[in-house]
1. Residues being within 21 Å of GLY17 (Cα to Cα), over 14 Å from the mean Cα position of the chain (by Cα) and either surrounded by 14 or more Cβ atoms within 10 Å (Cβ to Cβ) or aliphatic (A, V, I, L, M) (or both): count how many of those fall in segment 108-152.
2. If you go through segment 22-33 one residue at a time, how many are surrounded by 13 or more Cβ atoms within 10 Å (Cβ to Cβ) and either out of contact with any strand residue (DSSP E or B) (no Cβ under 8 Å at 6 or more places or on another chain) or free of Cβ contacts under 8 Å to residues at least 24 places away in the same chain (or both)?
3. Look through ALA60, ALA69 and report the one residue that is part of a helix (DSSP H, G or I), modelled with pLDDT of 95 or more and surrounded by 15 or more Cβ atoms within 10 Å (Cβ to Cβ).
4. Failed condition for ARG87, given (1) charged (D, E, K, R); (2) loosely packed, with under 15 Cβ neighbours inside 10 Å; (3) over 19 Å from MET27 (Cβ atoms); (4) at pLDDT 85 or above, with all others met?
5. Could you please tell me which pairs satisfy a Cβ distance under 8 Å, a separation of 6+ or placement on different chains, a first residue in segment 121-142 that is within 11 Å of ASN53 (Cβ to Cβ) and at pLDDT 90 or above, and a second residue that is of a type in the set (Val, Ile, Thr) and crowded, with 20+ Cβ neighbours inside 10 Å?
Amino acid sequence: MKLTAQEQMELEGFLQGLHRTQEAEQMKQYIQHGRISTYDHVLRVVRLSFYLNRRLHLGASDPELVRGAFLHDFYLYDWHQNGYVGRLHGLHHPAIALKNAAQRYTLTPRECNIIKSHMWPLTLFAFPKYREAYIVCLADKICSSYEVVACR
C-alpha cells in the first residue's frame, strides 16, 4: 500500500495534529498486538482506511474517516497490565475510547460511530451506521490480523 506524496500531505492535514499530542505520545508506550504500539496500530488503520477509500472510490468523508480511525483505540491504558487481560477489553475499549475522545475533541456523529463500532460484530449492538465506520472496521480487522500473525 503506497500513498502518493500529495495523499501523504492530505492525510497529515486531516489528522489536524492528533498524532502529535501528549496522548498520542502516551499511546506509543502501550502495546496493541505483538510488539506493535497502539500508536503505530492506529496509524496503520488510518493509512489503510484512507487508501481503501481513495483506491476503491468508496466516497467516504476523508477528514472524518481519518480522525475516527486515529481515535478508534483512544482508550489510553495498557490492556496487558493492571488486570485488563481477560477482562473483556475487546468489548469495553470502544466505549472508553469514545469517552476519552469526546472529552478532548469535538466529534461528528460519523467519528463517534467509527470509534464506537470498530469492534463490530464483537460489539453486537454497536454496529457501523456510516460507510466511514465500515471502512475503519474492516481496516482495523486487516491490520490487527497482520499484527497478531506477522509481527510477533
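1. Of the residues in that region, 1 qualify.
2. Residues of segment 22-33 surrounded by 13 or more Cβ atoms within 10 Å (Cβ to Cβ): 23-24, 26-27, 30-33.
Those left that are additionally either out of contact with any strand residue (DSSP E or B) (no Cβ under 8 Å at 6 or more places or on another chain) or free of Cβ contacts under 8 Å to residues at least 24 places away in the same chain (or both): 23-24, 26, 32-33.
Residues that pass the stated criteria total 5.
3. Details: ALA60 fails: part of a helix (DSSP H, G or I).
Residue meeting the stated conditions: ALA69.
4. (4)
5. Final answer for the pair search is GLU132/ILE114; VAL136/VAL45; VAL136/ILE114; ALA139/VAL45.
The values are calculated or read from the model by the stated rules, or taken from the named source; none is laboratory data. Being a predicted model, the structure only gives us computed values, none of them experimental. Methodologically, a virtual Cβ is constructed for each residue, glycine included, from the backbone with ideal geometry; neighbour enumeration extends over all protein chains shown.
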